[in-house]
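Heads up, the thing below is written out as structure tokens.
Computed from the coordinates by the stated procedures, all read-outs in this text should not be read as laboratory data. Because the structure is a prediction, the values reported are computed rather than measured. Please note: Cβ atoms are built from the backbone with ideal geometry, for glycine as well, and neighbour counts cover all protein chains shown.
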Amino acid sequence: MTLLIQGGHVIDPGRVNGVADVLIENGTISAVGPALKAPAGATVIQARGQLVLPGFVDLHVHFREPGFEYKETIESGTAAAVAGGFTTVCAMPNTNPVNDNQAVTEFMLERAKAAGNAHLYPIGAITKKSEGKELAEIGDLRRAGCVAISDDGKPVMNSLVMRRAMEYARAFDVPVVDHCEDLHLSEGGCMNEGLVSTELGLPGIPSAAEDVMVARNVSLAELTGARLHLAHISTAGSVRMVREAKARGLKVTAEACPHHFTLTEELTRGYNTHAKMNPPLRTMQDVQAIKEGLRDGTIDVIATDHAPHATQEKQQEFTEAPFGIVGLETALPLTLALVDDGVLTLEAAVDKLATAPAKAFSLNAGTLAIGAPADVAIVDPNSEWHVDPARFRSKSRNTPFAGWKVKGRVTTTIVSGRVVFELDRSERQA
Amino acid sequence: MGLKRKDLLSLTNLSADDITLILETADSFKEVSGREIKKVPALRGKTVVNLFFEPSTRTRTSFELAAKRLSADVINFSPSSSSVVKGETLLDTARNIEAMQADIIVLRHSSAGAAETLARGVKSSVINAGDGWHEHPTQALLDLYTIRSRRMGFAGLRVAIVGDVAHSRVARSNIFALTKLGAEVRVVGPPTMIPLQIGQLGVQVYHNLDEALRGAHVIMMLRLQLERQGRALFPTIREYARHYGLTGERVKLAEPGAIVMHPGPINRGVEIAPDVADSLSSVILDQVANGVAVRMGILYLMSGAG
Amino acid sequence: MDAGDIARAVTRIAHEILERNKGIKDLALVGIRTGGVHLAHRLVRRIHDIEGTQIPIGELDITLYRDDLSLRKDQPILRKTSVPFKISDLKVVLVDDVLFTGRTIRAAMDSLIDLGRPAEIQLAVLVDRGHRQLPIKANYIGKNIPTSREEAIEVHLEENGDEDRVVILRA
């Protein structure tokens, strides 16, 4: 199948930023340039006034399969991904069973292939059953197709185990991803510890619960020389420490989530369970620090931490409701809001959504270079729309952004040269 | 007139006038409670459901008595842990109760915000009878009533709240209400029991009990959750009692005529010395008696047809 | 009615009460809030003028006994009931300003009976405007004023910082 995307504003961070045509042949990018001629039989996609971007890469999603298919499946999750412009997603291992062995990894890859939406790369567990005790078969996980290892959600508390994981992972050049949370400091907590938690009488999670683990992980990365990727950092302290670690030349990358640079703990008032996630929404100062970290490059990557939960789970009492929100279908406009606010240039925003994450996990994605897989997101940057969870492709509706008026929308998503998502005409006006 | 609200969930969104209205209404019921026949027909035909997910004999009995003295039908419902195991959510349970045409649901729950979650989901009026560490509005209102019945004005009143403020819904409700009414609120306890940001709620923070008691008109003791011993909040009960227990000597540091309050049940000899609990300055039993009148007032005010 | 009419009516009712009850033995007055309370105090003063003795007086708030509580959106403000004597075996004269449907008196009687068991309950009103919805009749009436249902009657009293008078407001 041959596709010619005509007349769009092409941004391939560090390479192209201007109006050009993109030619796709045999699932790869074959040419990028002005006024390309459509080969015989080519399908032409008119992209005038739109952005033509490398498909986005999400290093942090929870697709719940196997084990929790009522929340999300790999099929529905990857459908949500392409609807949000993501052509590559990295799925966390906190499934049931935990992705701590080759069989689960292969199962997930099989499912993704059958779904035929986005590319899916599993992230393997660091320890068996993510129990933080014995190392998982990291080498085999890598060989089966895992692109990183993490005990996300159940962070490795034992620093010696973490040290061994980082050392061992070096043999396979696989990045170690940590959800930085000291489980003792955060015990029982369900929102940021601060004035709001004091008023609401909710058990708090102090910033320090994240900061101390960032500090530990940076120290261990320095000791072991491992590639460390810090998931969803949310505090000013984390940003400061990552900045300092990078300045010292450590192999540290960091991601931030749209909700952490968009929302504050104030949203928790009224015991809004859609404001419950981990790490929790923090203060305005933290939001400012995250934005500054994105601006100055301390934070490399924007990831969603897409965490679907069924409606009845989120309707529980605040303390009982599970952590997490879906994010794949709202990440783009929330990131573009940073461009409007002058925090990021458009090119930097694309870099953080596509190019930088691919680089962090060494994925063959995130670029429109000749010969690269033809993974493309076409975006109408000026389309204004209302977030309507009922229209989500995800199985779950747990978003704090319902009803928000946002700007910037994916109109077409192409994976390996195949159009996998096109915005319905009926939705364009929504 | 009236409270103009469906639910009583928190004292943060009641105005000083609303609080005054509740206290004045309670006066009328205090009179009813003094009669030989302590019953009026005001809530005839109404159904009040005491939905207690956490055991609390005192609060439940107080609400039950209040509702009965208003001639309402009262159902006590204490969902066993088994229905929770079966996967019934709070909302499911409440909708079942609502289907029985409950007019008012009085909820006690271990989870902060449970009352608010419930109120959003049902048409019945919801009264928060304690939600986690969050609030216990009727307890604070009966505390205010007790203070007021001692002919103390709230403006400039110095109130020392002593103990585990961080984990106390009674403390929170009292802080919200007392600061709103112009009282000077002091909280005192070891730093492990005082939230870091509590000063922003307009209270003064003390870690030394003697200092906090100087010049206080009201000493409000909180119940020490003994099971928190050793879990890092305090090393031993003995040490806690020595540093933060209220003794007769310490009461003398307060303003002459100061009153001592406690929401009960008391750990005698821990947060409060037995002779203090039984002394003339103690109004602990008044609080219990006033609780019924205040809750009658609240039930009455909440019982409009909506 | 003007101030003179009201004063004469109160004096006459005071005499009628004494006559009917053959003096003040076991007699007590209970005013219904708020207009009835002021009239009860006037009657007690007048009886004191005549007999030289103060008889017991109480104040009744009948709100909790109203028959429309469950129909109202907002509950009416409560005022305190104060009957500082045992009413059992007394002859209690309920006092109100206007007798209309009779529902207030029904509530007042229920309320009284919850306070004890009076030997007798009698009723004194300044104005009877008709339109009874319950089988209730006053023993002492200041003045019968026929009205239509749509009209309103207002009793203004000095105790409320007004001039004594009764006015009919046309609908």
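Is one or more of the residues making up the stretch C:73-88 within 24 Å of C:K22 (Cβ to Cβ), more than 10 Å from chain B (Cβ to nearest Cβ) and in contact with an Asp or Glu (Cβ under 9 Å, 6 or more places away or on another chain)? Taking every residue of the stretch C:73-88 in turn, none turns out to be within 24 Å of C:K22 (Cβ to Cβ), more than 10 Å from chain B (Cβ to nearest Cβ) and in contact with an Asp or Glu (Cβ under 9 Å, 6 or more places away or on another chain). Every residue in the stretch C:89-108 that is within 14 Å of chain B (Cβ to nearest Cβ) and crowded, with 19+ Cβ neighbours inside 10 Å, please. Scanning the stretch C:89-108 gives C:A107, C:A108.
Here B:G121 clears all of (1) touching a residue at least 40 places away in the same chain (Cβ under 8 Å); (2) within 13 Å of chain A (Cβ to nearest Cβ) except the condition numbered (1).
Go through the residues of the stretch A:325-342 one by one and say whether even a single one is buried (at least 18 other Cβ atoms within 10 Å of the Cβ) and at positive phi. Within the stretch A:325-342, none of the residues are buried (at least 18 other Cβ atoms within 10 Å of the Cβ) and at positive phi. Taking the conditions (1) in a strand (DSSP E or B); (2) surrounded by fewer than 17 Cβ atoms within 10 Å (Cβ to Cβ) in turn, A:P39 satisfies each one other than (1).
Every residue in the stretch B:274-304 that is within 14 Å of chain C (Cβ to nearest Cβ) and not in a helix (DSSP H, G or I), please.
Passing the criteria: B:S303, B:G304.
Which of the residues belonging to the stretch A:121-141 are under 20 Å from the mean Cα position of the chain (by Cα), crowded, with 24+ Cβ neighbours inside 10 Å, of a type outside the set (G, A, S) and not in a loop (DSSP other than H, G, I, E, B)?
Of all residues in the stretch A:121-141, those under 20 Å from the mean Cα position of the chain (by Cα) come to A:121-126.
Retained after the next criterion (residues that are crowded, with 24+ Cβ neighbours inside 10 Å): A:122-126.
Now restrict to residues that are of a type outside the set (G, A, S): A:122-123, A:126.
Correct list: A:P122, A:I123.
Of the residues that make up the stretch B:48-58, is at least one closer than 26 Å to B:G113 by Cα, touching a residue at least 24 places away in the same chain (Cβ under 8 Å) and either among the β-branched types (V, I, T) or facing chain C (nearest Cβ under 8 Å) (or both)? Scanning the stretch B:48-58, I find at least one residue that is closer than 26 Å to B:G113 by Cα, touching a residue at least 24 places away in the same chain (Cβ under 8 Å) and either among the β-branched types (V, I, T) or facing chain C (nearest Cβ under 8 Å) (or both), so the answer is yes. Residue count for the stretch A:332-375 under the criterion of being part of a helix (DSSP H, G or I) and among the hydroxyl-bearing types (S, T, Y): the result is 2.
Every residue, every condition in (1) away from every other protein chain (no Cβ under 14 Å); (2) within 18 Å of A:M241 (Cα to Cα); (3) touching a Gly at 6+ places or on another chain (Cβ under 7 Å), yes or no:
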site	(1), (2), (3)
A:L281	yes, no, no
A:V287	yes, yes, no
A:E292	yes, yes, no
A:D296	yes, yes, no
A:I299	yes, yes, yes
A:E313	no, no, no
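Note on the stretch A:376-406: residues that are farther than 21 Å from A:D12 by Cα, charged (D, E, K, R) and surrounded by 17 or more Cβ atoms within 10 Å (Cβ to Cβ) amount to 3.
Can you work out which of the residues in the stretch A:78-126 that are without any contact (Cβ under 8 Å) to a residue 12 or more places away in the chain and among the charged types (D, E, K, R) is farthest from A:V376 (Cα to Cα)? Checked the stretch A:78-126; the qualifying residue farthest from A:V376 (Cα to Cα) is A:E110. Scanning the stretch C:1-31 for residues that are surrounded by 15 or more Cβ atoms within 10 Å (Cβ to Cβ), part of a helix (DSSP H, G or I) and in contact with a helix residue (DSSP H, G or I) (Cβ under 8 Å, 6 or more places away or on another chain) gives C:V10, C:T11, C:I13, C:A14, C:I17, C:L18.
Within the stretch A:44-77, which residues are in a strand (DSSP E or B), within 24 Å of A:G27 (Cβ to Cβ) and touching a residue at least 60 places away in the same chain (Cβ under 8 Å)?
So in the stretch A:44-77, the residues in a strand (DSSP E or B) come out as A:44-46, A:51-54, A:56-61.
Next cut, within 24 Å of A:G27 (Cβ to Cβ) only: A:44-46, A:51-54, A:56-59, A:61.
Residues satisfying the conditions are A:I45, A:L51, A:V52, A:L53, A:P54, A:F56, A:V57, A:D58, A:L59, A:V61.
Residues that are of a type outside the set (V, I, T), within 14 Å of chain B (Cβ to nearest Cβ) and touching a residue at least 12 places away in the same chain (Cβ under 8 Å): does the stretch A:247-259 have at least one? Lay out the reasoning, then the answer.
If we filter the stretch A:247-259 for residues that are of a type outside the set (V, I, T), which is where we start, we get A:247-251, A:254-259.
Restricting the remaining residues to those that are within 14 Å of chain B (Cβ to nearest Cβ) gives none.
No, the conditions are met nowhere in the stretch A:247-259.
Selection of the stretch B:140-167 for residues being in contact with a strand residue (DSSP E or B) (Cβ under 8 Å, 6 or more places away or on another chain) and buried (at least 24 other Cβ atoms within 10 Å of the Cβ) yields B:D143, B:I147, B:V159, B:A160, B:I161, B:V162, B:G163, B:V165. Among the criteria (1) surrounded by 14 or more Cβ atoms within 10 Å (Cβ to Cβ); (2) free of Cβ contacts under 8 Å to residues at least 40 places away in the same chain, the one C:H38 does not fulfil is (2). Residues that are assigned to a loop (DSSP other than H, G, I, E, B) and within 14 Å of another protein chain (Cβ to nearest Cβ) were ranked within the stretch B:190-221; the one that is surrounded by the most Cβ atoms within 10 Å (Cβ to Cβ) is B:P195. The set of residues in the stretch B:1-40 being among the polar types (S, T, N, Q) and within 9 Å of chain C (Cβ to nearest Cβ) consists of B:T25, B:S28. Within the stretch A:1-43, the set of residues being hydrophobic (A, V, I, L, M, F, W, C) and without any contact (Cβ under 8 Å) to a residue 12 or more places away in the chain comprises just one member, A:A40.
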